[in-house]
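**Q** A single structure is presented below for examination.
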């Protein structure tokens, strides 16, 4: 593989946050390809050629049946072994919004809860279901990071990102699974109020259990979140940026992409 | 074998969808339902085993973490249908209506390696708990859970006999000829009415003459093609025809003949202005203007009123799908970058008992329309960044749904040209029996029978299909694989092929068109308005590459014919000729009619009350007016941030809740060049004088763009007229007057029109027995013009928002305030219309706009908000609560000018200054350190330093006598503003 950080942004029918995700990775120096999942299924392209797999937001296959379900099924059935190898090779995956829903429903997240960093058997142990408010909502929320995810390294302050989803309420399959998530430091983002304290609706926009907004696998390399870091990549993407007119070009979400690319440079190149 | 699967949430899982239905039921006034649970039903048909069904359920259909399921052969209804505790309603789509979930579910099943499934249909089963009567149950089923145009409640007693897949027995091969040549006038009219052609007697005679000349009777297909091409919807014959306009001048009745209203107003303005940055105006699907050296932007706003009245979700859904296709079909195809949606409804608290027969309740319509836009826009990944919602009782039978889309494309893709012997290729969705007669249907009035007669004109869309078309199309465009494109909208293939083949002629083999199901007649194939289809013209050498691009994206693309060069439209069905029409007759044969129009200025009652000493309550009432109040409930449901291009969002301020003026986007994330989008709409001004309504709307749309940092240097506008029946002289008269206002304001501000649309016949023929409009009258909407504007910003980093930023800043009002309360929110809250409609002084306005732009460029404006509905008072309140700050303001510093149209008004009044809606005004916040520079810049322009901002969240306004006339904490003002539509 070349000395460049190679990112594949995977798309299919209904993917719609691909362009801004490509823009974010390119802006932090990655070499980015955007391909339809068909190309990988037909073996015209191979995941082996990439360091980072990004599954962007959107409504894959219309989110018919349930959000992310049909692409999750397709990935599990058609690309399962490639994905297993990708993870075993120590590479990175990020799923944003619909990408997160897909990863959870394909069993890629939270992954094996019992210590080992392999991808397990794609068993679904959590879900993202219909928001408590019963409808799609686009709003800006505050997040506090925790855990040991490579994508959120150095994020110690409360950050602000937008959410835009109808099915983002995180639920683990049982108390045990939730306990394991906490013990394993797999909870990466929690919704909070502006001061970083326990949120109420709409600060927790969907009713997620334990205010969970994003989780990673036990290795910290496989990461999914409902909020959109690529939509606060630029400073002027925040609705009230005119109140600060800061010099910085970048918004709170940029560091996520930078972290991913930095990790590859450090560990995989 | 047909299998039935029922999926429900596990015990203890919160059923948010059920909770939403509970709210909707309460909206109906039914209080006896204590709980609703929703069960998802799938009906799967095919040669599959029980084990396979079980696998489909476990691996695909259910979410094991939260759901349980049961299944069995269809017909054996699972246990949960009858109970003491609840009633059951199962709602399924009617046969022939597309089930949007079917295609993707079939794909999911095939992914599992299970191939032999023929169809999947879905239904929703509602368990309604509580002690509700049969009558209440029926109301809930009919008014909330289903719409009989597209859905039905499943009758369990017949469930085992019903087939899931639609089963049509069309007599597809028989060619039908209509005896036209021998028909008299009576029969001609009958033919027009019976066939839903909506053609006048003059037009029917012209058609008869043509067929007499060529010596045969028309086929049904030929007649339909002519009706579609000649429909008001497609050809805008009112605007392009002759109008005898009667009006009054100095008390004397006068008349003049207008030859083509469109050409003599809207188009004339653009031609006169002759802007070099207007790249394509009026003749394509959207107007195109220059963006930067590489790309241009295009903008189109459509209406989808009639379908939205009958099926709000589907109507709005397909409305937005249609305008997006307009953008895909502009030039060689543009990429959509944002949507704008403007609606007019009757008030959401309209009494049920006053509803005209057959009309849906406005709250139901509004919820449905918003859902339809949400579904399509969000799934297409196009942010809805701008909009407005207006309320007036006269929209009760005819809501208005305006959908607009902006696109971007390379400069070298603006032109297209169909070439001789190019292949005709249809791409996208399949053709079904849906949407038949949309074009002609929208050219007639609605009646309470419309929902029965015209049900075929209502559809639901499939946004993912259109997204796939977009993805494939952009690749094909960039590889130069086709020479021309247009969308399949109203009129279907008939309209698209007819338009593209206008000069060359075309030959189509209708049996090649891919169908959703068997049994369509050739005529239905030809005129069906099934969604998500585009027509391309492709050179033979490129056809294989083109088909591959579409195939790679799982989009169907099919060659159905050729552009021939014969000048004839020739249709064949399995080799048999079914239509042969001279393109010349089809496009130029429409007889020009002369319609009568009359306009006289109405006289409304004037203000008869004196100014209240304390205006705090008046401000709260203005903020709570449905037209003014926060639309956050709607905006949040739209993904207004997808694509990441937003710079000024529709909700802004310290808590991201304040109402922005225009929206600003940077379509290219790596460039700081931007666009601003805004709209101007005000029906109440039109009740006084449509001329000034148009002018005011243009002023409003333009000043919103100025307010966010745009400039008059490059702003283009679009017109959208929604009017009543233009065959009635008073309706047409006000339409003429409005068009003339457009001409004056466009020239006055030098902002050209680049595209437009009209939707006429927005009337509702009311049954004599109903309470509204007794005596068989018809209910017309108020003549409504929407002006949409697009402006180019050189540097989005200089954009300005409307929220107060800091304590201790100076607050100015720019522009002159007159006693122009006619049509204002304040008068409306006092039960008045008034007569003193806001006028526009284009010279002064231009100077103001230019100077505000300069101030923004120089960074002198901390905040800027335009004064519109609700006047200065509402503007100040919005700026304060959006910024989390307060302000103290002195009215004696406001620059006022008494126009004294009203003899009653002898002097200025506090309430008039605060609530006048005079045009071309802004309120701005300026930091003290910038005071000198700012005031210098505004020398010679009406400017009042009216107060300053403060940390304390309170607004205090001192009246002309120096005493406080308004005092309120901003939290309570914000509450007044947010409460009305916080559902």
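Every number in this text was worked out from the coordinates using simple rules, so none of it is lab data. As the structure is a prediction and not an experimental result, all values here were calculated from the model. So basically every Cβ, Gly included, is an ideal-geometry build from the backbone, and we count neighbours across all protein chains shown.
**Q** For chain A, with a Gaussian network of springs between Cα atoms less than 10 Å apart, report the residue from A:200, A:182, A:39 with the top mean-square fluctuation.
**A** A:39
**Q** How far is helix B:543-552 tilted off the main Cα axis of chain B, in degrees rounded to 10, range 0 to 90?
**A** Between the helix axis and the principal axis of chain B, the angle is about 80 degrees.
**Q** Under 20 Å from a point placed 7 Å out from the Cα of residue B:794 along the Cα-to-Cβ direction: which residues of the range B:825-863 have their backbone N that close?
**A** So the set is B:846-862.
**Q** Expressed as an acute angle from 0 to 90° and rounded to the nearest 10, what is the orientation of the C-alpha long axis of helix B:690-707 relative to the principal long axis of chain B?
**A** So the helix axis and the longest Cα principal axis differ by about 80 degrees.
**Q** Build a GNM of chain A with springs between Cα atoms under 10 Å: which of A:248, A:146, A:82 gets the top mean-square fluctuation?
**A** Maximum fluctuation in the GNM of chain A, among the listed residues, is at A:248.
**Q** Which of the three applies to chain B, rounded, prolate or oblate, going by the alpha-carbon gyration tensor with a ≥ b ≥ c and a/c under 1.5 meaning rounded?
**A** Prolate shape, in that a/c is at least 1.5 and a/b is the bigger ratio.
**Q** Can you tell me the FRET efficiency between residue B:142 and residue B:672 if r is taken as the Cβ-Cβ distance and R0 is 51 Å, rounded to the nearest 0.05?
**A** 0.45
**Q** At what distance in nm do the modelled label points of residue B:417 and residue A:198 sit from each other, each positioned 7 Å from its Cα along Cα→Cβ?
**A** A separation of 7.2 nm, rounded to one decimal place.
**Q** Going by C-beta contacts inside 10 Å, put B:9, B:47 in order with the fewest on the left.
**A** If I rank by nearby Cβ atoms, fewest first, I get B:47, B:9.
**Q** For chain B, find the longest principal axis of its Cα atoms and tell me its angle to the long axis of helix B:185-194, 0 to 90°, nearest 10.
**A** Its long axis makes an angle of about 90 degrees.
**Q** Per-residue Cβ counts within 10 Å, from other chains only, averaged over B:646-655: what number is that?
**A** 5
**Q** If each of residue B:952 and residue B:214 carries a label point 7 Å out from its Cα toward its Cβ, how far apart are those two points in nm?
**A** Here the answer is 8.2 nm between the modelled labels.
**Q** Using a Gaussian network for chain A with springs between C-alpha atoms less than 10 Å apart, which of these wobbles most: A:38, A:16, A:185?
**A** It is A:38.
**Q** Next question, about the same structure. Pull out a ≥ b ≥ c, the square roots of the eigenvalues of the alpha-carbon gyration tensor of the range B:800-983, then state rounded if a/c is under 1.5, prolate if not and a/b is larger than b/c, and oblate in the remaining case.
**A** The shape class here is oblate.
**Q** Which FRET efficiency, nearest 0.05, do residue B:1 and residue B:971 yield, Cβ-Cβ r, R0 60 Å?
**A** 0.45
**Q** Rounded to the nearest 0.05, what FRET efficiency is calculated for residue B:963 and residue B:895 with R0 set to 30 Å and r the Cβ-Cβ distance?
**A** It comes to 0.90.
**Q** Hey, how many Å between the Cα centroid of the range B:785-822 and the Cα centroid of the range B:337-405?
**A** Here the two parts' Cα centres lie 27 Å apart.
**Q** Compute the length gained on full extension between residue B:175 and residue B:593: take 0.36 nm times their separation in residues and subtract their Cα-Cα distance, giving the result in nm to one decimal.
**A** So the chain would gain 147.2 nm between residue B:175 and residue B:593.
**Q** Please compute the average number of Cβ atoms from other chains found within 10 Å of each residue's Cβ in peptide B:544-553.
**A** 1
**Q** Sticking with the crude label model, points 7 Å out along Cα→Cβ, report the distance from residue B:283 to residue B:601 in nm, one decimal please.
**A** 4.1
**Q** Also, quick follow-up: P(r) tail for the protein assembly as shown, what percent of Cα pairs lie past 63 Å?
**A** Value for the protein assembly as shown (Cα pairs over 63 Å): 8 percent.
**Q** Inside 10 Å of the C-beta atoms of A:128-137, what's the mean count of C-beta atoms belonging to other chains?
**A** Partner-chain Cβ atoms within 10 Å, mean over residues of A:128-137: 6.
**Q** Over what distance in Å are the Cα centres of the range A:130-190 and the range B:104-144 separated?
**A** What the calculation gives is 32 Å, centre to centre.
**Q** If we count other beta carbons within 10 Å of each Cβ, what is the order of B:3, B:277, fewest first?
**A** By the 10 Å Cβ count, ascending: B:277, B:3.
**Q** A further question follows. Order these by the 10 Å Cβ neighbour count, fewest first: B:693, B:500.
**A** B:500, B:693
**Q** Which shape class, rounded, prolate or oblate, goes with the range A:15-54 when its Cα gyration tensor gives a ≥ b ≥ c as root eigenvalues, a/c under 1.5 marks rounded, and past that a/b bigger than b/c marks prolate?
**A** It comes out oblate by the Cα gyration axes.
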